[in-house]
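**Q** Let me begin by handing over the structure; questions about it come next.
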Amino acid sequence: FVGTERPADFSGEERDCSGKVLMPGFVDAHTHLPMALMRGYAGGHDLQTWLNDYIFPVEAKLDGRAVKAGTELALAEAIACGITSVSDMYYFCGDIIDAVKEAGISANIARGLTVFTPEFDPDACQGAQEMRALAEEYGGGGADAQIKADACIHGEYTSYPAVWEWVARLAADHGLITHVHLSETRAEQEACVARCGMTP
């Protein structure tokens with residue numbers, strides 16, 4: 001109960017919140033929690049240079065332990081800012097889930113899928129297999145209310161139509177929402193129009 005007068009039959013804990021604000025927690029709808037480790041690294045570059053020359057090479061050196069540590073740092077900062085739920089796109093999802101569960105917040109977890117060649121075999125793609133396993137464990141309104149799986153494609157420029165078709169089927173089969181980067185930069189938008197005749 002919230003009010004200025006205590007109900008006659010109330011027997012619970014009482015807090016004086018005069019001069020304060022009572023509000024729902026914030027939801028961060030797009031995170032890469034482990035990237036807290038790389039905050040400020042190689043700033044000032046265009047997106048493609050930053051990703052290809054700096055971020056992707058650093059990420060290739062990460063292991064589950066590093067991903068969990070970065071996630072824990074990001075979650076501590078999020079909680080301190082009033083964030084109670086995140087939607088994260090990354091890999092080493094099991095380590096991220098462990099950190100989220102320990103922190104006690106809610107999360108939608110997405111295994112980001114990048115496929116740089118038009119030949120896509122989901123049975124031979126580690127990222128697709130990890131996404132499928134995540135969907136089977138945490139998708140479709142499963143029993144775990146704290147963790148939900150999202151289907152995920154990193155972006156239009158890091159995938160091909162066959163990837164989108166497979167992810168769409170996975171999402172439909174498991175009752176998932178999808179998580180994807182869309183038109184982060186003018187160059188991305190223009191390149192997509194040139195390739196596909198439409199924006200992402």
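**Q** Between the alpha-carbon centers of region 166-186 and region 25-48, tell me the distance in whole angstrom.
**A** If you average the Cα positions of each part, the centres end up 20 Å apart.
**Q** While we're looking at this one, here's another question. Over region 32-83, average the accessible area per residue using a 1.4 Å probe and give it in Å², no decimals.
**A** On a per-residue basis, 55 Å².
**Q** Which aspartates and glutamates, on any chain, are close to K148 with Cα under 18 Å apart, when same-chain ones fewer than 8 places away are left out?
**A** Straight-line reach from K148, under 18 Å: D28, D88, D95, D98, E102, E130, E136, E137, D173.
**Q** Something else about it: Order of 56-67, 158-169 by packing, highest average Cβ count within 10 Å first?
**A** Descending packing order for the listed peptides: 158-169, 56-67.
**Q** Using Cα-only point scatterers and the Debye equation, what is log10 of I(q)/I(0) for the chain at each q in 0.10, 0.18 Å⁻¹, rounded to two decimals?
**A** These q points yield log10 I(q)/I(0) values of -0.51, -1.33.
**Q** Plugging the Kirkwood radius over Cα pairs into Stokes-Einstein for region 41-154, at a temperature of 25 °C and a viscosity of 0.890 mPa s, what D comes out in µm²/s?
**A** For these conditions, the coefficient is 160 µm²/s.
**Q** Still on this structure, I have one more. Would you work out which of A99, A187, A149 lies farthest towards the positive end of the dipole of region 68-200, given +1 charges on the beta-carbon of Lys and Arg and -1 on that of Asp and Glu, about the Cα centre?
**A** The residue sitting most towards the positive pole is A187.
**Q** Suppose all protein chains stay in the model; what accessible area per residue would a 1.4 Å probe give for region 88-200, in Å²?
**A** Per-residue accessible area for region 88-200 comes out at 49 Å².
**Q** Mean separation of Cα pairs under 8 Å and 6+ residues apart, divided by the residue count of the chain: what relative contact order is that in percent?
**A** Relative contact order here is 16 percent.
**Q** Same structure again: Please report, in debye to the nearest 20, how large the charge dipole of the chain is about its Cα centre when each Lys and Arg carries +1 at its beta carbon and each Asp and Glu carries -1 there.
**A** Using Cβ point charges on Lys, Arg, Asp and Glu, the chain gives about 260 debye.
The values are calculated or read from the model by the stated rules, or taken from the named source; none is laboratory data. Computed from a prediction, not measured in an experiment: that's the story for all the values here. Glycine also receives a Cβ, built like all others from the backbone with ideal geometry; neighbour counts cover every protein chain displayed. Each accessible area value is taken on the protein alone, full model and side chains, heavy atoms only, with ligands, DNA and RNA left out. Shrake-Rupley method; radii C 1.70, N 1.55, O 1.52, S 1.80 Å.
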